[in-house]
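Report on the structure given below.
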Amino acid sequence: MPRAACATKKHKETTFAPDVAGLLSKPLNTTTRRVFIAATRQNDGKTTTCLGLYGALRALGLQVGYIKPVAQRIIEVDGAQVDEDTQLINKIYDVGTPIEAMSPVAIDPCFTRRYLEAPHELRPKIIDRICRCFDRAAFQKDIIIIEGSGHAGVGSVFSCSNAHNARLLGSKCILVAGGGIGKPIDEIAMNKALLDAMNVECIGVILNKVIEDKKNFITEFAGRALKQLGLPLLGVLTHTPTLTHPNLSQIVSEIGGEWLHHPLSPAAALDHTGGERVEKIVIGAMSANNVLEHADPNALFIIPGDRDDVLFALIAGMGQYRMRVACGIILTNGYLPSGRIRAMLAQTDMNVVATSAESYDVARKINAMTVKIQPGDADKIPVVERLIRENINLPALLKKLQRD
């Protein structure tokens, strides 16, 4: 893919940061191809892009590495504090690198204060750890994906922004932005300015979550706008409903619910394998006679726990139609149904969850959820890989990343 013409001066070749060379315990790997995936803001699709790229590049026969230098959403894995996205990539693809080497710096609530109290002491340690972990993650790999955190400036307060880290690791950068023209292009321009200031070459943009009917329009006019910034449009990824549907385990975690019945087992529910994909939310504020009009195998019913009549109608409907009428039920208001109804629910294959919250509060929380891919979302991974494979020119991208 040819590089778009730029009205401004030609960007210098991406180089390693010379001002930190003296802070490293040993030289940094300079041979492995690398690409830094940044975004214009949170939840634009960095992790989805990294997942898809990892799978698509590996399908080409490449050995692929991964690292996320700065961890903000921290979980504990085998005693190590790591980013949850690192655990996701490792669970899905079994990267073959110690997980602590793929997530070198964990930003706990007190990290910034500690850094600002002793920046001259901590900065060399942080830089050296990122570089040593990068060397380990890139070992025997043909290419390594570096995932950023938020927009290009996140982490600037401790000199570890995406732009800082891309320059530190000598990586070219791809920006991921939301679908559209005006707002995304404005945000891309701001992020590119910081990358330029750090002498990091942005080799292109991926637009994510574009409405299918607008794909051709966005491709044409966003491409024109990006050309004015000297950036090629590398690909347009369409909004895919499968990727936005939460599973029941995510919903239960979001609302603080309690499992009453899980067709598999309570352990499976707790292990995020309650992978029932919820595609439809139904608030059971109707008479028992009308409830089955909303029956759907992928529906989640939100019903006050004392509505035995509505619950019985759902149970009877399963017997009448010999089909699943819902994937799950959330019992609200802190009420539980009668012992007879609970016993009948336990004989069905519907998931049952209880919460003290009111029905409309539960529905509001679910609708406001940011649905991130989880290790148990095996059905989403092929979708993500296909999006990247069908919409990104991977050979052209690899050519752009060729090391000098």
Going by Cα centres, segment 178-229 and segment 26-52 are how many Å apart?
17 Å
Around L60, which amide H atoms from residues at least 5 apart in sequence, or from another chain, sit under 5 Å from its own amide H, with H modelled in the peptide plane?
none
Setting aside same-chain residues fewer than 8 positions from K183, which aspartates and glutamates have a Cα under 18 Å from its Cα?
D44, E220
Please give every one of the aspartates and glutamates within straight-line cross-link reach of K192, meaning a C-alpha to C-alpha distance under 14 Å, and leave out same-chain neighbours fewer than 8 residues apart.
E201
Classified through the alpha carbon gyration tensor (a ≥ b ≥ c as square roots of its eigenvalues; rounded if a/c is under 1.5, else prolate when a/b is larger than b/c, else oblate), segment 62-146 comes out oblate
Order of 341-351, 184-194 by packing, highest average Cβ count within 10 Å first?
184-194, 341-351
So for the chain, taking the charge dipole from beta-carbon charges (+1 Lys/Arg, -1 Asp/Glu), which of P109, C173, L53 sits furthest toward the positive end?
C173
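What full-extension length gain, to one decimal in nm, is calculated for A368 and L62 as 0.36 nm per residue of separation minus the Cα-Cα distance?
Details: separation 306, 0.36 × 306 = 110.16 nm, distance 3.84 nm.
Difference between extended and current length: 106.3 nm.
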Set the Förster distance to 22 Å, then compute FRET efficiency between T242 and R324 from the Cβ-Cβ distance, nearest 0.05.
0.70
Is there a pair in K91/K372; K46/K141; K209/K365; K141/K209 whose C-alpha atoms are over 24 Å apart, and which pairs would that be?
K141/K209
Per-pair calculated FRET efficiency, R0 = 35 Å: D213 and L336 via Cβ, rounded to 0.05:
0.20
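Figure the gain on full extension for T112 and E293 (residue separation times 0.36 nm, minus the Cα-Cα span) and round it to one decimal in nm.
Values: separation 181, 0.36 × 181 = 65.16 nm, distance 5.40 nm.
Full-extension gain reported as 59.8 nm.
With a ≥ b ≥ c taken as the square roots of the eigenvalues of the C-alpha gyration tensor of segment 248-367, please select rounded if a/c is under 1.5 and otherwise prolate if a/b is larger than b/c or oblate if it is not? Present the calculation step by step, with values, prior to reporting the outcome.
Numbers: a/c = 1.35, a/b = 1.19, b/c = 1.14.
In terms of gyration-tensor shape, rounded.
Scan segment 318-379 for chymotrypsin sites (Phe, Trp or Tyr not before Pro) in coil per DSSP, keeping those whose Cβ has at most 14 other Cβ atoms within 10 Å, and list them by number.
Numbers: sites: Y321, Y335, Y360; in loops: Y335.
Filter output for segment 318-379: Y335.
If you stretched the chain out fully between L401 and K91, how much longer would it get, using 0.36 nm times the residue separation minus the C-alpha to C-alpha distance? Write down the numbers at each step before the final one.
Working: separation 310, 0.36 × 310 = 111.60 nm, distance 2.64 nm.
Contour length minus Cα-Cα distance gives 109.0 nm.
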Net charge dipole size for segment 248-367 [Lys, Arg +1 and Asp, Glu -1 on Cβ; Debye, nearest 20]:
180 debye
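So what's the back-of-envelope 222 nm ellipticity for the chain, counting only DSSP H runs of four-plus at -39500 (n - 2.57) apiece and dividing by all residues, rounded to 500? Don't skip to the end; give the middle numbers.
Values: 15 runs with 153 residues, N = 404.
One gets -11000 deg cm²/dmol as the mean residue ellipticity at 222 nm.
Readers should treat all values here as calculations from the given coordinates under stated rules, not as data from a laboratory. Treat the numbers as computed from the prediction; the structure is a model and nothing was measured. Cβ atoms come from the backbone with ideal geometry, glycine included; neighbour counts cover every protein chain shown.
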